[in-house]
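Below is one structure, written out as structure tokens; comments come after it.
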Amino acid sequence: MTALPQYGKHVHPRAKMRAVVIDRYGGPEVLRPTTVPRPVPTRGQVLVRTRFIGVNPKDVIVRKGKFQVATGKKFPLIVGHDIAGEVVEAGLGTDLAQGDLVYGMINDFAGRGYAEYATVDCQQLAKAPSSIELRVAAAVPLASQTALQALRDDARVRPGDHVLINGASGGVGVFAVQIAKILGAQVTAVCSHRNVGLVTELGADRVIDYTKTDLVDVDERFDAIFDVFGNYHFDKLKHLLTPGGTYVHTIPSARIFKDVARTFVRRQRAKLVIVKSRREQLDWMRQHIDAGRLRVVVDRSFSLDDAAEAHRYVETKRARGKVVLEVG
Ligand SMILES: NC(=O)c1ccc[n+]([C@@H]2O[C@H](COP(=O)([O-])OP(=O)(O)OC[C@H]3O[C@@H](n4cnc5c(N)ncnc54)[C@H](OP(=O)(O)O)[C@@H]3O)[C@@H](O)[C@H]2O)c1
């Protein structure tokens, strides 16, 4: 019987594919291009021929082994969540068909995206936007859904609300600025001076340069603070919240879990966004992208074999928008 690898429940006995795997947790050098068995879709899944892959800080965290409790010790492991490509096989119980161009995010903790093919639950995918290249579509799923879930679902941003976005020029931030505007908010974006032009073009009403102003000293009130970069915490910024305001953090830690628990029944609340891919939200993104209301900012592209270089770049924390891998 074929051993079940970490990246797919079932594999094809003969068909192979290119992939980048890790054989242990560690630095970018552990990312190894190789050939592995091709996965086979099970009920509810489709097999996607991946053309482009979005790189996220989460891929780096998984590669470093920071969430081993969830990602385990079974190797080889394929990391990566964001994909865009073509459905080549549809399992039973799926509503996508062979030939559909799709984009989406694999919800499993480690992912299995850095490969030529990936099996994905069809509800974690949607038809790709038609107005942008697949390369650009691959940059959308994880980051944009994080922004939508933080702002619409956690902070319940409404028209006229004042929203502060810290880390507005990175992968999640560029979507957060635009999504907050789509939700009707007044947006204050926080980034360094080199990105002031970018976030203004994306719709920010006001920009704070964090190299000149510490957010703690800002004399304003916000209905929602989305701490995308995650270098503050609830107590440090709660004086900037309106009486019913919400602070949303992105990085799981004992502190944020405690803040979420102790503010659960308070008017000013702390929340932690944990992104999940959903068809409804990917459809929402596609409609706004195709209508020209949501712009996707891709900073750099690398080939799949250069995934280690892409990780080194993401680890600088200087990316403007998203980083993408090209399967080729
Ligand atoms: N919980 C979840 O479900 C979830 C989902 C997605 C992401 N995340 C987490 O969210 C964080 C951000 O993700 P991302 O994809 O947006 O990261 P990213 O693309 O790597 O962010 C890079 C951006 O961070 C900005 N930055 C650097 N130092 C900063 C500072 N001190 N203050 C404000 N901005 C600063 C940089 O702008 P400048 O060059 O202008 O400094 C750069 O544009 C990561 O920790 C990621 O793991 C969590």
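The values are calculated or read from the model by the stated rules, or taken from the named source; none is laboratory data. Please read all numbers here as calculations on a predicted model, not as lab measurements. Cβ coordinates were reconstructed from backbone atoms using ideal geometry, including for glycine residues, and neighbour counts include every protein chain displayed.
Worth a mention:
- Considered as a group, the residues in the stretch 195-226 that are farther than 15 Å from residue 170 by Cβ and among the polar types (S, T, N, Q) include one that is farthest from the chain's Cα centre (by Cα), and that residue is 213.
- Of the residues in the stretch 296-317, not one is touching an Asp or Glu at 6+ places or on another chain (Cβ under 8 Å), outside any helix (DSSP H, G or I) and of a type in the set (Lys, Arg).
- Taking the criterion of being within 25 Å of residue 272 (Cβ to Cβ) and not aliphatic (A, V, I, L, M), the residues of the stretch 196-216 that qualify are 210, 214.
- Only one entry of 79, 60, 88 meets the criterion of being over 28 Å from residue 314 (Cβ atoms), at pLDDT 95 or above and of a type in the set (A, V, I, L, M), and that entry is 88.
- For the stretch 58-86, filtering for residues that are assigned to a loop (DSSP other than H, G, I, E, B) and at positive phi leaves 2.
- Beta carbons closer than 7 Å, at least 6 apart along the sequence or on distinct chains, pair a first residue in the stretch 183-197 that is more than 11 Å from residue 159 (Cα to Cα) and within 6 Å of the ligand (Cβ to nearest atom) with a second that is small (Gly, Ala, Ser) and assigned to a loop (DSSP other than H, G, I, E, B) for 190/167; 190/168; 191/168; 191/169; 195/169.
- Condition check for residue 258: more than 23 Å from residue 148 (Cβ to Cβ) and either among the charged types (D, E, K, R) or away from the ligand (no atom under 12 Å from the Cβ) (or both): yes
- Selection status of residue 115, more than 16 Å from the ligand (Cβ to nearest atom), of a type in the set (Gly, Ala, Ser) and surrounded by 17 or more Cβ atoms within 10 Å (Cβ to Cβ): yes
- Residue 318, sole failed condition from (1) within 13 Å of the ligand (Cβ to nearest atom); (2) among the charged types (D, E, K, R); (3) touching a helix residue (DSSP H, G or I) at 6+ places or on another chain (Cβ under 8 Å): (3)
- Some residue of the stretch 116-125 being modelled with pLDDT of 95 or more, aliphatic (A, V, I, L, M) and in contact with an Asp or Glu (Cβ under 8 Å, 6 or more places away or on another chain): no
- With respect to being closer than 27 Å to residue 262 by Cα and among the charged types (D, E, K, R), residue 235 fits the description.
- Restricted to the stretch 87-172, the set of strands (runs of 3 or more DSSP E) holding at least 3 residues that are over 16 Å from the mean Cα position of the chain (by Cα) comprises 117-121, 162-166.
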